Amino acid sequence: MRELLKITTLTILSTCFFFSWNSNAQAETLEITGNGESAISSIEQNNHSGQTVVSSNEVNINNNIQIQSNTGSTTITTGNSSSTTNVENSANTNSINDPNCCIVGASVNVSENGSNTMNSVSIGTKKGMSVESNNTAKVSTSITNTSQTGANTANNNTGITSITTGNIQVTTQVKNNDVNGNTTRTSLTNSEAFNINVSGNGAGSETRVMIDKHNNMVVYSTNIAEISNIIEQLSNTGNNIANNNTGNVIIRTGDISVTTLLENVGINSTIADVTSCCPNISTTPNNPPDTDPGRGGGTIIPSSSSTSSGGMILGATTLAYALGEVLPATGANTTLWATVFNVFMLLMGLYLRNRSGRSPAILTIEITF
Amino acid sequence: MQKNLAYYLGNILIVGSILCTALIYAPIMLPQKSTPLSDEVRRNGTSIEIPAIDATAEIVLDVDPFDKSKYLVALDRGVAHAQGTAKPGEDGTIFLFAHSSLPPWEMTRVNTPFLSLQKLEYGHSVLITNQGKTETYIVFDRKEVWPNEVDYLANSEENMLILQTCTPLGTSLKRLLIFAKRV
């Protein structure tokens, strides 16, 4: 008997934030054109943009799973026990993309002015960004898996007493992936482009174009992750009792196989990409580092325990884990049994021919009972 | 009268056994041509081709190797990919399994693609096609094992392909494993 006791898949995406903001910087055209002789022109433009994003996330995840399976206490032959438990946790994932990375700057055109003109264009831009992320995640997973096919009693019997207990197979998988992940993408190198055209002005004209750019970006990230994994496996196929029996006593105990897979991946990852943030440029790593606490650091408290009574811990490799203890059956025994049946049919035919007395000499077979 | 009846009945049984034997083993012994894949499977699906034994079949992905009722359904369509192992196109070890034989009345080339898997030898190629992209694997080892012998499957980090079917032919007594490396 193979019983799938419980399959629990718990996926919690507790908090997922996406932030974006718009800047007031826009493409503009500043022109000084068509002035007469000795004119004095001046344009001064100042753009200030500032964004502050503050996100505070706090999440508590508690997984408490208890599985108990018992296929026999007093029966003589007990079936197999198989249980599989899967738990996946994910929490606090923030993604901030600056949509103003690829903006076009101002266009300056100083042309067709008379002689001896003085032209002055001053552009000042200040771009300030502050991103603050405070993430606190407490993930607690507690799994207690108790399987028993043993503890059978057969007392005071006459004749042969036989106790056969089934196998126990326990598979537990706990994954804590992407807990407290912050990603901020912007551009400090600034792809903002200025188009400046100074042409066709008269003799002795003087043109000054001043561009003053300031970019300031601050990313504060405080991630605290407390992850507790407690996995307890209790399996028993033995502890069988057979007393005061007058005949032979045979006790066969089943095998115990316990497989435990624990993964903590992508805990407290902070990515601040200030080199490129255009939508068609992605620098997101496929596998973020396991720990990148950022300012304030993170606290990781992973703990796990796995115990079994009378069992063995298998190497938790992906392939063996996927295939389990027995390779799948892909053949049919029908051909074998059909062949046996055909041989029997052939022998019966030969026997009947022999009994009839008309069988040719070469096929005469003496069969006596 | 009784002797005549026994004589004729004996003859019927002998002839019947010979005919039944021929019926059982004809699908196995006679050469069969591989069934071509549909255009949809070639373009967007996943398939396996083993030129050495003229085997071509669709691969059914993510089949639970624990659940016999599920993987038998998948095996009717072709080759099953064991859930949890690497998929075609991914790094890691791919585990595929398929029928070597079936009852004669159910047996077609489509659902027994690994009928001649025991003929595969070192150096033979296995082609895995996933959404039009083909990867080539070269056979480097083979084993016949009992169904519960899974210990040597421990190393699953290589880019490897494992093909499994039952052996001897017509039984589910043991398992034949073919190991191939990606080139």
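For every residue, the table says whether it meets (1) in contact with a strand residue (DSSP E or B) (Cβ under 7 Å, 6 or more places away or on another chain); (2) in the same structural domain as B:Leu120 (by TED's automatic domain parsing); (3) buried (at least 17 other Cβ atoms within 10 Å of the Cβ).
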site: B:Tyr8; (1), (2), (3): no, no, no
site: B:Arg43; (1), (2), (3): no, yes, no
site: B:Ala52; (1), (2), (3): no, yes, no
site: B:Ser69; (1), (2), (3): no, yes, no
site: B:His81; (1), (2), (3): yes, yes, yes
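If we only count helices (runs of 4 or more DSSP H) wholly inside the range B:1-104, which ones have 2 or more residues that are more than 25 Å from B:Thr171 (Cα to Cα)?
In the range B:1-104, B:2-29, B:39-44 are the helices (runs of 4 or more DSSP H) which contain 2 or more residues that are more than 25 Å from B:Thr171 (Cα to Cα).
May I ask you to verify whether B:Ser17 is crowded, with 16+ Cβ neighbours inside 10 Å and within 11 Å of chain A (Cβ to nearest Cβ)?
Taking the combined requirement at face value, the residue satisfies it.
In this structure, does B:Ala98 turn out to be more than 7 Å from chain A (Cβ to nearest Cβ) and buried (at least 18 other Cβ atoms within 10 Å of the Cβ)?
Answer is no for this residue.
The values are calculated or read from the model by the stated rules, or taken from the named source; none is laboratory data. No experiment lies behind these values; they were computed from the predicted model shown. All Cβ positions, even for glycine, are placed from backbone atoms using ideal geometry, and neighbour counts span all protein chains on display.
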